Amino acid sequence: MTIRQPVVSVLGHVDHGKTKLLDRIRGTSVQAREAGAITQHIGATEVPIDHIYKVCGKLIGNKKFDVPGLLFIDTPGHHSFITLRARGGSLADIAVLVIDIREGLMPQTIESIKILRQYKTPFIIALNKVDTIQGWTCEEGRPFVLSERVQQSHTIEAFNEKLYAIIGDLSNEGIYADRYDRIDDFTKTVALVPISAKEGEGIPDLLLMLIGLAQKFLEQQLASEDGPGRGTILEIKEEKGLGKTLDMILYSGVMKQGDTVALGTRGAPVVTKIKAILKPKPLDEIMDPRDKFERVKELHAAAGVKISCQNMEGVIAGAPLRVVKNEKDPSIKEMTEEASIKIELQDNGVYIKADAIGSLEALAFEAKAAGIPIRRYGMGEITRRDILETDALRGDPLNKIILAFNVKTSKEADAALEDSGLRIFSNDVVYRLIEEYQEWLDESKRQNDSDKRSEFPFPAKFMIMPNCVFHATKPAIVGIRVLAGRLRPGLRLIGNDGRSLGRIRSLRDGEDVVKEAVQGDEVACAIDDITIGRQAKEEDIIYVDIMESSVKEFQKLELNDDERMVLDEVVAIKRIEDKFWGM
């Protein structure tokens, strides 16, 4: 039985060293060229068995394996790419979960564990950054089991403290784990492989574990298939001399030059023929290769390649690819369902656009987690139609927003944007895009809240302080303490029985006239149309009179707990005479 190379997915928390690990294995610097040093799309790298023999020589000697190598998938590092990681997990035969030994389990680490469990993907843990342990001495490419022997006792003690803390945290997540060289049964215990992606230590141990576990436990799963090829489209690019091409992973079956293939689009799949299959050199990254691609006429899974087809109109990243017999092949119907985008929409919300299915779903996931409603979604560049349609929205102006991940704006759209009332937030890192929008939204709401407070009276109350009646009438001048809300000149007042108690003429803090007094302030208040001792007295609680029409408006605004309490009290006071007031 011929065994194909396993697909290895690399997952983990942002900045824990996933791409750095692959850069170390293949001798590249892909990470430095990624936006924000965070992987944004799924990439693929083939690591042949001969390279593994070379790296692992000190550990395996002359031992040989049937597995022909490893195909690594580098999945996006930030937690907002949970959808892409799920796609990566579904493709993977085995996974590497990278954990920073200093930081331990982080939110995305736990998310990754959930994904791996969901897809029942076996995994090992690369315990990265051992070089940061105080006193740890490194040697490039040295196996961990050899490195440990030369470390000082206090360094090993510090290492073990971090190791056992992570083992304990994993246990709390239902994962029983131990150092790989101390495990007897790998079906019950997850292997921890200490490494330094920066210095190269422990990389031989990690590759040996992957290749060994794949051969021992995944032999049947890795049996080569001769059926029609099945793959996933990673990215669409323009290449000199080739025009538009597709980066893809063939994870099952065989694909040949000249084959008829169905490619996923937003609608019905496109059926076309393969003009060329271009395979990156071993240890080269399909997204960002150092060397020229090699043209091949036949490709067997698993492999990451670039293909050129006769027709790729409407094809989208993240969609499936199938080798088919013709346009009536039954697998085409399955593809339509697989390529469908499942994003929850609301009547009011923002418009999101991204460059691929995975990143669009990731942006939608992050928006939902942040409580941002989505009205519409799309892929590709922002068009003039997008601007006009969004600008024409009625209702909340805060919904006149486009969140754009890794897409450009057309010239026509730029021109239309100048005459519109909408905003575009654009970034090539999802979490930064969401943060920028939320910061703007918070500031806009604060401004809107301030505007609303100046439009009509807000819930507020104050107490006339004892021994602070300076003038009884025309106007009454008293010392007050603001108990809730905000006071300003011009506001009408009522007592706890609903009677009118005049209007605030002015507020003073010492010798200074102030425009506003807020909760906790003690100020002098001049009140028209009231006599202290008759309509009100010391220690009375007095309320700002609010308009009935504004009660429903208050439900939409961000009142604090005290303001909301005062609103309820005023409504109760008003309903003494009108039981339906404010409804």
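Remark: K333 matches the filter, which requires a residue to be exposed (fewer than 15 other Cβ atoms within 10 Å of the Cβ) and part of a helix (DSSP H, G or I).
The residue that is surrounded by the fewest Cβ atoms within 10 Å (Cβ to Cβ), among those in region 251-266 that are free of Cβ contacts under 8 Å to residues at least 60 places away in the same chain and under 33 Å from the mean Cα position of the chain (by Cα), is S252. The sole residue among L388, L393 that is assigned to a loop (DSSP other than H, G, I, E, B) and within 18 Å of I374 (Cα to Cα) is L393. In summary, strands (runs of 3 or more DSSP E) completely within region 449-568 and bearing 2 or more residues that are open to solvent by less than 30 Å² (accessible area, probe 1.4 Å) and modelled with pLDDT of 90 or more occur at 461-471, 476-484, 492-494, 500-509, 522-528, 541-544.
None of A362, A369, A356 is out of contact with any Lys or Arg (no Cβ under 7 Å at 6 or more places or on another chain), among the hydrophobic types (A, V, I, L, M, F, W, C), at pLDDT below 85 and open to solvent by 10 Å² or more (accessible area, probe 1.4 Å) except A369.
Kindly indicate whether I286 is of a type in the set (A, V, I, L, M, F, W, C), under 28 Å from the mean Cα position of the chain (by Cα) and either modelled with pLDDT under 85 or surrounded by fewer than 16 Cβ atoms within 10 Å (Cβ to Cβ) (or both). Give the steps one after another, and end with the answer.
Numbers: of a type in the set (A, V, I, L, M, F, W, C): yes; under 28 Å from the mean Cα position of the chain (by Cα): yes; either modelled with pLDDT under 85 or surrounded by fewer than 16 Cβ atoms within 10 Å (Cβ to Cβ) (or both): yes.
For I286, the condition - of a type in the set (A, V, I, L, M, F, W, C), under 28 Å from the mean Cα position of the chain (by Cα) and either modelled with pLDDT under 85 or surrounded by fewer than 16 Cβ atoms within 10 Å (Cβ to Cβ) (or both) - is met.
Being among the hydroxyl-bearing types (S, T, Y) and either open to solvent by less than 50 Å² (accessible area, probe 1.4 Å) or assigned to a helix (DSSP H, G or I) (or both) is the requirement here; does Y431 meet it? So Y431 passes the test. When region 219-238 is limited to residues that are open to solvent by 40 Å² or more (accessible area, probe 1.4 Å) and closer than 17 Å to L299 by Cβ, the one that is farthest from the chain's Cα centre (by Cα) turns out to be D226. Consider region 187-215 and keep the residues that are out of contact with any strand residue (DSSP E or B) (no Cβ under 9 Å at 6 or more places or on another chain) and more than 25 Å from R26 (Cβ to Cβ). The one that is least open to solvent (accessible area, probe 1.4 Å) is T187.
Could you tell me how many of the residues in region 396-428 are assigned to a loop (DSSP other than H, G, I, E, B), touching a Ser or Thr at 6+ places or on another chain (Cβ under 9 Å) and touching a residue at least 40 places away in the same chain (Cβ under 8 Å)? Spell out the reasoning first.
Our first condition is that a residue be assigned to a loop (DSSP other than H, G, I, E, B); within region 396-428, this holds for 396, 400, 406-408, 410, 419-422, 428.
Now restrict to residues that are touching a Ser or Thr at 6+ places or on another chain (Cβ under 9 Å): 400, 406-408, 410, 420, 422.
After this cut, where a residue has to be touching a residue at least 40 places away in the same chain (Cβ under 8 Å) as well, the list is 406-407.
Matching residues across region 396-428 total 2.
Surrounded by fewer than 20 Cβ atoms within 10 Å (Cβ to Cβ), farther than 30 Å from A276 by Cβ and not acidic (D, E): is that true of R375 in this structure? In short, yes. Under the condition of being buried (at least 20 other Cβ atoms within 10 Å of the Cβ) and aromatic (F, W, Y), the residues counted in region 164-186 number 1. The residue that is most open to solvent (accessible area, probe 1.4 Å), counting only those in region 267-283 that are of a type outside the set (D, E, K, R) and not in a loop (DSSP other than H, G, I, E, B), is V271. A Cβ distance below 8 Å, combined with a sequence gap of six or more or placement on separate chains, defines the contacts here; from region 171-193, residues that are more than 20 Å from P204 (Cα to Cα) and of a type in the set (D, E) reach residues that are outside any loop (DSSP other than H, G, I, E, B) and open to solvent by 20 Å² or more (accessible area, probe 1.4 Å) in the pairs E173/I110.
Taking each residue of region 298-312 that is within 8 Å of T245 (Cβ to Cβ) and small (G, A, S) and looking for partners that are open to solvent by 10 Å² or more (accessible area, probe 1.4 Å) and modelled with pLDDT of 90 or more with beta-carbon atoms closer than 7 Å, six or more apart or interchain, yields S308/K275.
The values are calculated or read from the model by the stated rules, or taken from the named source; none is laboratory data. As the structure is a prediction and not an experimental result, all values here were calculated from the model. No Cβ is skipped: glycine too gets one built from the backbone with ideal geometry, and neighbour counts run over all protein chains shown. Just the protein is used for accessible areas: all its heavy atoms, side chains included, with ligands, DNA and RNA removed. Shrake-Rupley method; radii C 1.70, N 1.55, O 1.52, S 1.80 Å.
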